[in-house]
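So the structure is just underneath, and the comments pick up after that.
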Amino acid sequence: MDMTRIGFAPGVYDLFHVGHLNILRQARRHCDRLIVGVTTDDLVQHLKGRPPVVPFAERLEIVSNLRCVDVAVAESEEDKLETWKRIGFHVIFKGDDWRGTPKWVELERRFARVGVEVVYFPYTMHTSSTLLRDSLELLSRHPRTEFPSAQLAEPLDQEGRHEQEVGQQQCAVDGKEDVLAAKE
């Protein structure tokens, strides 16, 4: 009997970026069916002490529509083993920034007892939701710098008129050439 290897990739997936995409693509290559747990707003608030920037329904919609994801589900339990009991997966995927943390060392031990493999993928150092969030907060604290607007050569409602005029002039020239050719 051929067994389908089910993978689970939990995460907040707030301010979705290429690091999220990289982990999900890699996860998909290591299983037959990929289930992604998108953390609910309430659980994010509880775990991080602040709400996500992007609301749960929108984060779920984004993740659900990725080709590499078979199904996205709400992750509302803090204990990943409870999620495993509800969903049933063979392997769980996480960014390697979590490797060696007390929480994940304990989870590795608990998952080993029930036969679930823990796989870490390289964390994308140059981008993260935390970095993006911090940048947004920094921008919102400082008054906006006003830059002079660029002056357009012609008003937007007249854009394209120049091309129309050139086209009309070209037609007129072509018409005169036809008349001159006919006289010869």
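Once Rh for segment 38-79 is found with the Kirkwood sum over Cα pairs, what is the Stokes-Einstein diffusion coefficient at 10 °C and 1.306 mPa s, in µm²/s? Present the calculation step by step, with values, prior to reporting the outcome.
Values: Rh = 10.7 Å.
For the chosen part, D equals 148 µm²/s.
From the alpha carbon gyration tensor of segment 69-110, can you work out the equivalent ellipsoid semi-axes (sqrt of 5 times each eigenvalue) and give them in Å, largest to smallest? Don't jump to the answer; show the numbers that get you there.
Details: eigenvalues 72, 32, 19 Å².
In descending order the semi-axes read 19, 13, 10 Å.
Might you work out the accessible area of TRP98 for me, using a 1.4 Å probe with all protein chains in place, and round it to the nearest 10 Å²?
100 Å²
So, taking all protein chains as they sit and a 1.4 Å probe, how much accessible area belongs to THR83, in Å² rounded to tens?
0 Å²
Considering only protein heavy atoms, with the full assembly of protein chains and a 1.4 angstrom probe, order LYS103, LYS80 by accessible area, largest first. Mind showing how you got there, number by number?
On the way: LYS103 80, LYS80 20 Å².
Ranked list, largest accessible area first: LYS103, LYS80.
Arrange the residues VAL63, VAL18 by how much accessible surface each exposes, largest first, with a 1.4 angstrom probe. Don't skip to the answer; put the middle values down first.
On the way: VAL63 0, VAL18 70 Å².
If we order VAL63, VAL18 from most to least accessible, we get VAL18, VAL63.
If I compute solvent accessible area with a 1.4 Å probe over the protein chains, what percent of it on segment 1-120 is carbon and sulfur?
Numbers: 3260 of 6400 Å².
After summing per-atom areas, the C and S share lands at 51 percent.
The values are calculated or read from the model by the stated rules, or taken from the named source; none is laboratory data. A quick note: this is a predicted structure, and the numbers were derived from the prediction, not measured. Accessible surface areas use protein heavy atoms only, side chains included; no ligands, DNA or RNA. Shrake-Rupley method; radii C 1.70, N 1.55, O 1.52, S 1.80 Å.
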